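Structure first, commentary second.
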Amino acid sequence: MSQNSSYEDFKEPTLHGRYVNHTMIRPLLAMMEKTYLVETLGHSVLNMPIQCITLGKGPIKILMWSQMHGNESTTTKAVFDLLNFLKENNDENTSGQETCTIKIIPMLNPDGAEAYTRVNANAIDLNRDAQDLSQPESSILRKAYNDFKPDYCFNLHDQRTIFSAGNSPNPATVSFLAPAADRQRTITQSRLVSMKIIAGVYQYLNTMIPNQIGRYDDAFNINCVGDTLQLLETPTILFEAGHFQNDYEREQTRYYIFKALWKAIQLIITGSFESYSREQYTSIPENHKCFLDVIVRNVHLVNAAYGQKESLGVLFMEVLNGNAIRLEPKIETSGRLDDYYAHRTYDCADPNDLKLLRKQSKIIELLN
C-alpha cells in the first residue's frame, strides 16, 4: 500500500453488507476487463456464469476462490478490494505482478449467492464434492486447478458468530487452516508450507486484532476441497472471515481479510514465509464454539415461568429480505450458561439493560 493511499481509497463501494450476488459483481467484472483478463469458465446449475480474473505474469501461481458457499460473502468483498488495490501503479504492485500470476474466482456458487444459501441449486455442499465432482461448479473449479497448475491455493470462506479464538471471550474475527492431507494429519511438505504462510500472516494480523485470530479444526475429510488439494501436494490455505465486535455486516472483518490476503501474497512472492515455523502455526489458538449472539440473564424478572438462575441464549438466523439480510433471533439454549460468552448480554436485573432490551422487540417476544 503506497504511503499516500488508504484502505478507503480502494474499498469497493458498491459491495456492502452480507448479501452479495452475481448481479452486484457483474458491472465490476466488466470494469476489470480494462485492466485484467476476465474469462467465463463455465456455468452454474441455473446457467449463471462463473468467471475468473487473472492478473500478473510471473512464474509463481496463486489460485483463489470465494463464495463456494453462497451465503459466505465477506471474502468476496475483500477480493474486490484487493483487485482495486492491485491496480495501483506503484513499485510494490509492479514487482509483485512480475513475480506471480494470480487467478481469482470471485463467486464459485452464484446460484447459492442469489438464494443466500450454503449449498448450490441442487442442494449440494460444494465443499463436500471434491471427489465426486457431481456438480458443474465443482468441475469448473477442478478444471481451473488442473489447467492453471497453481503453486498455492487460497480457499475463502465465512464462519459463524459462535466461534471464539481459543476458550476465551474473544471472537474469532479471522481464522486459518492448513488442511490435512490424510487421516493421520501428517505434516507433509505442502502442508508445512501452508503452516508457515499462515504463521507469517498471523504474526502480522495479530498486531491489529490481538487474541482474535483462530486456527480451524484440521480433521481430515477427503471430500473437502482444501484437503483434496493438499493431498495433491499443493499448499492450500483456508481463510475464514468471522465476527468482529458489533460488526454483523462484516465490514470491519472484510478489512482484516484484505490485509491477510495481501500479506499472504507478499510472503509467497518474497519467499519470506520460510522464516516461520510449524510451531508458530500450532501456537495459534484453536477455534472453540463459545459464543452466543445474545445472552439474557435473570429472565424470571420478565417471565415468571423461568427459574431464578436461568438465562436464555439467542442466536441470530440470517434471512434474505429483498437485497439485505435480516437477523432473526431464536432461542438456542437455556440454563445457567456459565460456559458461554455473548456478543451482547442483557441482565433483566439492571434497569438500563432492561430498557435497552425492551427495544429489541423480537427478543422480547421470545422471552414471553
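The values are calculated or read from the model by the stated rules, or taken from the named source; none is laboratory data. Worth saying up front: this structure is predicted, and the values here are computed from it rather than measured. Because the Cβ atoms are built from the backbone with ideal geometry, glycine has one as well, and the counts that use them run over all protein chains shown.
So for region 153-162 (the condition being crowded, with 24+ Cβ neighbours inside 10 Å and over 30 Å from Val45 (Cβ atoms)), does at least one residue qualify?
Scanning region 153-162, I find no residue that is crowded, with 24+ Cβ neighbours inside 10 Å and over 30 Å from Val45 (Cβ atoms), so the answer is no.
Among Gly96, Gly112, which is the only one that is farther than 19 Å from Asp227 by Cα and either out of contact with any Lys or Arg (no Cβ under 7 Å at 6 or more places or on another chain) or modelled with pLDDT under 95 (or both)?
Numbers: Gly112 fails: either out of contact with any Lys or Arg (no Cβ under 7 Å at 6 or more places or on another chain) or modelled with pLDDT under 95 (or both).
Only one candidate qualifies: Gly96.
Suppose we keep only residues that are basic (Lys, Arg) and within 25 Å of the chain's Cα centre (by Cα) within region 289-346. Which one would you say is surrounded by the most Cβ atoms within 10 Å (Cβ to Cβ)?
Taking region 289-346 and keeping what is basic (Lys, Arg), we get 289, 297, 309, 326, 330, 336, 344.
Cutting the leftovers down to within 25 Å of the chain's Cα centre (by Cα) gives us 289, 326, 330, 344.
On the way: Lys289: 12, Arg326: 13, Lys330: 12, Arg344: 17.
Ranking the qualifying residues of region 289-346, first place goes to Arg344.
Counting residues that are in contact with a helix residue (DSSP H, G or I) (Cβ under 9 Å, 6 or more places away or on another chain) and outside the structural domain of Val319 (by TED's automatic domain parsing), which strands (runs of 3 or more DSSP E) fully inside region 167-268 reach at least 3? Please lay out each step first, then the result.
Values: elements: 174-177, 213-215, 236-241.
Result: 174-177, 236-241.
Report the residue count in region 310-339 for those that are closer than 27 Å to Glu72 by Cβ and in contact with an Asp or Glu (Cβ under 9 Å, 6 or more places away or on another chain).
13
Restricting attention to helices (runs of 4 or more DSSP H) lying wholly within region 40-122, give those where 2 or more residues are buried (at least 18 other Cβ atoms within 10 Å of the Cβ) and among the β-branched types (Val, Ile, Thr). Full working, then the answer.
Values: elements: 74-86, 91-99, 110-115.
By residue number, 74-86.
Which numbered condition trips up Gln184, out of (1) surrounded by fewer than 24 Cβ atoms within 10 Å (Cβ to Cβ); (2) of a type outside the set (Phe, Trp, Tyr); (3) under 20 Å from Asp293 (Cβ atoms)?
Of the numbered conditions (1) surrounded by fewer than 24 Cβ atoms within 10 Å (Cβ to Cβ); (2) of a type outside the set (Phe, Trp, Tyr); (3) under 20 Å from Asp293 (Cβ atoms), the odd one out for Gln184 is (3).
How many of the residues making up region 9-50 are of a type outside the set (A, V, I, L, M, F, W, C) and within 30 Å of Thr161 (Cβ to Cβ)?
Going residue by residue through region 9-50, those that are of a type outside the set (A, V, I, L, M, F, W, C) are 9, 11-14, 16-19, 21-23, 26-27, 33-36, 39-40, 42-44, 47, 49.
Those left that are additionally within 30 Å of Thr161 (Cβ to Cβ): 9, 11-14, 16-19, 21-23, 26, 44.
The total comes to 14.
Within region 340-368, track down each residue that is modelled with pLDDT of 95 or more, part of a loop (DSSP other than H, G, I, E, B) and closer than 30 Å to Glu72 by Cα.
Tyr340 - this is the single residue of region 340-368 that is modelled with pLDDT of 95 or more, part of a loop (DSSP other than H, G, I, E, B) and closer than 30 Å to Glu72 by Cα.
Taking the condition at pLDDT 95 or above, among the charged types (D, E, K, R) and closer than 18 Å to Phe10 by Cβ, does Asp147 pass? Show your work before the answer.
Numbers: at pLDDT 95 or above: yes; among the charged types (D, E, K, R): yes; closer than 18 Å to Phe10 by Cβ: no.
Against the criterion (at pLDDT 95 or above, among the charged types (D, E, K, R) and closer than 18 Å to Phe10 by Cβ), Asp147 does not qualify.
Just one of Ile25, Ile62 is in contact with a strand residue (DSSP E or B) (Cβ under 7 Å, 6 or more places away or on another chain) and β-branched (Val, Ile, Thr); which is it?
Values: Ile25 fails: in contact with a strand residue (DSSP E or B) (Cβ under 7 Å, 6 or more places away or on another chain).
Only one candidate qualifies: Ile62.
Inside region 29-39, can you point out the residues that are farther than 20 Å from Leu156 by Cα, in contact with a helix residue (DSSP H, G or I) (Cβ under 9 Å, 6 or more places away or on another chain) and either surrounded by 15 or more Cβ atoms within 10 Å (Cβ to Cβ) or without any contact (Cβ under 8 Å) to a residue 40 or more places away in the chain (or both)?
Hits for region 29-39 are Met32, Tyr36.
Looking only at region 102-124, count how many residues are under 16 Å from the mean Cα position of the chain (by Cα) and not hydrophobic (A, V, I, L, M, F, W, C).
Looking only at that region, the number is 6.
Any idea which of His16, His43 is in contact (Cβ under 8 Å) with a residue 24 or more places away in the chain and either within 22 Å of Gly322 (Cα to Cα) or in contact with a Lys or Arg (Cβ under 9 Å, 6 or more places away or on another chain) (or both)? Please lay out each step first, then the result.
Details: His43 fails: either within 22 Å of Gly322 (Cα to Cα) or in contact with a Lys or Arg (Cβ under 9 Å, 6 or more places away or on another chain) (or both).
One residue alone meets the criteria, His16.
Check Pro169 against each of (1) within 30 Å of Gly322 (Cβ to Cβ); (2) out of contact with any Leu (no Cβ under 9 Å at 6 or more places or on another chain); (3) touching a residue at least 12 places away in the same chain (Cβ under 8 Å) and name the one condition it does not meet.
(1)
Looking at Glu39, Glu72, which is the one that is under 24 Å from Thr117 (Cα atoms) and at pLDDT 95 or above?
Numbers: Glu39 fails: under 24 Å from Thr117 (Cα atoms).
After applying the criteria, what remains is Glu72.
In region 1-36, how many are modelled with pLDDT under 95, outside any loop (DSSP other than H, G, I, E, B) and among the basic types (Lys, Arg)?
Qualifying residue count, region 1-36: 0.
Identify all residues within region 140-163 that are part of a strand (DSSP E or B) and closer than 26 Å to Phe273 by Cα; write none if there are none. Full working, then the answer.
Step one: filter region 140-163 for residues part of a strand (DSSP E or B), giving 152-158, 163.
Listed by number, the residues that qualify are Tyr152, Cys153, Phe154, Asn155, Leu156, His157, Asp158.
What are the residues in region 274-308 that are within 21 Å of Pro171 (Cβ to Cβ) and assigned to a loop (DSSP other than H, G, I, E, B), if any?
Ser283, Ile284, Pro285, Cys290
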